[in-house]
Amino acid sequence: MSAATTRSRTPDRLCAEAVDLARAAAEEAAAPGVVGEHSGLVSEGDRVVTHFFECKEMGYRGWRWAVTVARASRAKFVTLDEVVLLPGPDALLAPEWVPWSERLRPGDLGPGDLLPTDQDDLRLEPGYLAEDAPAPNSPVSEEMVELAEAEDADVTPGTPAAQPTVPSRGSIAAVAEELGLRRARVLSRYGLHIAADRWEEGFGAKTPMAQAAPATCVSCGFLAPIGGSLGQAFGVCANEFSPADGRVVSLAYGCGGHSEAAVMPKPPQPPAPVIDETRVDPFPLRPAPDSGSVPATADEETAELGHS
């Protein structure tokens, strides 16, 4: 262990005794009556000591006022360095900060709120590409063909005899099954109208969320279209952070989670640092005689004062 390290761990005597100076500095920086008793000190280095005082301010349980004092070499006066309020070992601290993108949960979006989407959001993709090749998730792409071949399996195990009763050949039910019409009854026009009115009331253009939305669902990338005649006025929301996630919404509905409402730009990438290793910066070992605020004195004058 070097001598410098030993001196830095041993508090300077004059700095350690400057408790009144440290307390006066803490009381000047803090509100009246919040600086408590002296709770200790620590040596920060050669002739540098930090004094700790208890904090009595409400809401700062376990915090301490830290006042750092220092003394110049061969000087007899202690000077103030800094005053700061620091948490102690058992201090009451705020919980760790979590980014909003990780705090957000489905259903947190309210009327008037905007949920920006990243430019590289994996839930969205371009609506059109200037290429002849199909998109990666297209049914005719090579990736989807390989995936279908790898997952080839019987959807309904068992022989045809073990399956549900098959309609007799030539009957109306058999013809309807070949055309994909396996339902005996479908919605009437009245049933479609009352369903549309119910969906429009829950997630339509007159709701408070839609009134405060920046745009409608008809231009949102999270809207999944539905088939049939209801697809002309409704769709399914596929945004997990939207209050209408998984619900049938009107094309005139909207919320702050619109895909194009607020797109977050990519963070700028700073250029790589350039280090010029061929240049030399000269630094004088001694300051110029006329560079300070005190004028230079002649050797005769210093000799009279007893300086070498």
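The values are calculated or read from the model by the stated rules, or taken from the named source; none is laboratory data. From a predicted model like this one, the values you see are computed outputs, not experimental measurements. Cβ: placed from backbone, ideal geometry, glycine included. Neighbour counts: every protein chain shown. Remember, those area values only see protein heavy atoms, side chains included, never the ligands or the DNA or RNA. Shrake-Rupley method; radii C 1.70, N 1.55, O 1.52, S 1.80 Å.
Couple of notes before you dig in:
- Pairs, first open to solvent by less than 100 Å² (accessible area, probe 1.4 Å) and part of a loop (DSSP other than H, G, I, E, B) in the stretch 176-204, second of a type in the set (G, A, S) and at pLDDT 80 or above, C-beta under 8 Å, six or more apart: F203/A210; F203/A244; F203/S250; G204/A210; G204/S250; G204/A252
- Yes/no for V78 being touching a strand residue (DSSP E or B) at 6+ places or on another chain (Cβ under 8 Å) and touching a residue at least 60 places away in the same chain (Cβ under 8 Å): yes
- Pairs where the first residue, in the stretch 35-47, is under 14 Å from V78 (Cβ atoms) and the second is in a loop (DSSP other than H, G, I, E, B) and open to solvent by 20 Å² or more (accessible area, probe 1.4 Å), C-beta under 7 Å, 6+ apart: L41/P11; S43/T10; S43/P11; R47/D12; R47/R71
- In this structure, A4 qualifies as open to solvent by less than 90 Å² (accessible area, probe 1.4 Å), at pLDDT below 90 and not in a loop (DSSP other than H, G, I, E, B).
- Looking only at residues of the stretch 81-118 that are open to solvent by 90 Å² or more (accessible area, probe 1.4 Å) and within 28 Å of P208 (Cα to Cα), we find that the one that is farthest from the chain's Cα centre (by Cα) is L114.
- Among residues of the stretch 265-289 that are closer than 30 Å to Q119 by Cα and part of a loop (DSSP other than H, G, I, E, B), those with a beta-carbon under 9 Å from a residue that is open to solvent by 100 Å² or more (accessible area, probe 1.4 Å) and not aromatic (F, W, Y) at least six positions away or on a different chain give the pairs P265/Q119; K266/Q119.
- Residue tally, condition within 14 Å of G202 (Cα to Cα) and either open to solvent by 40 Å² or more (accessible area, probe 1.4 Å) or in contact with a Leu (Cβ under 7 Å, 6 or more places away or on another chain) (or both), over the stretch 252-278: 2
- Residue within the stretch 33-54 that is open to solvent by 70 Å² or more (accessible area, probe 1.4 Å), on the phi > 0 side of the Ramachandran plot and touching a Cys at 6+ places or on another chain (Cβ under 7 Å) present: yes
- The stretch 220-243, residues that are in contact with an Asp or Glu (Cβ under 8 Å, 6 or more places away or on another chain), under 14 Å from G256 (Cβ atoms) and not in a strand (DSSP E or B): C220, N239, F241
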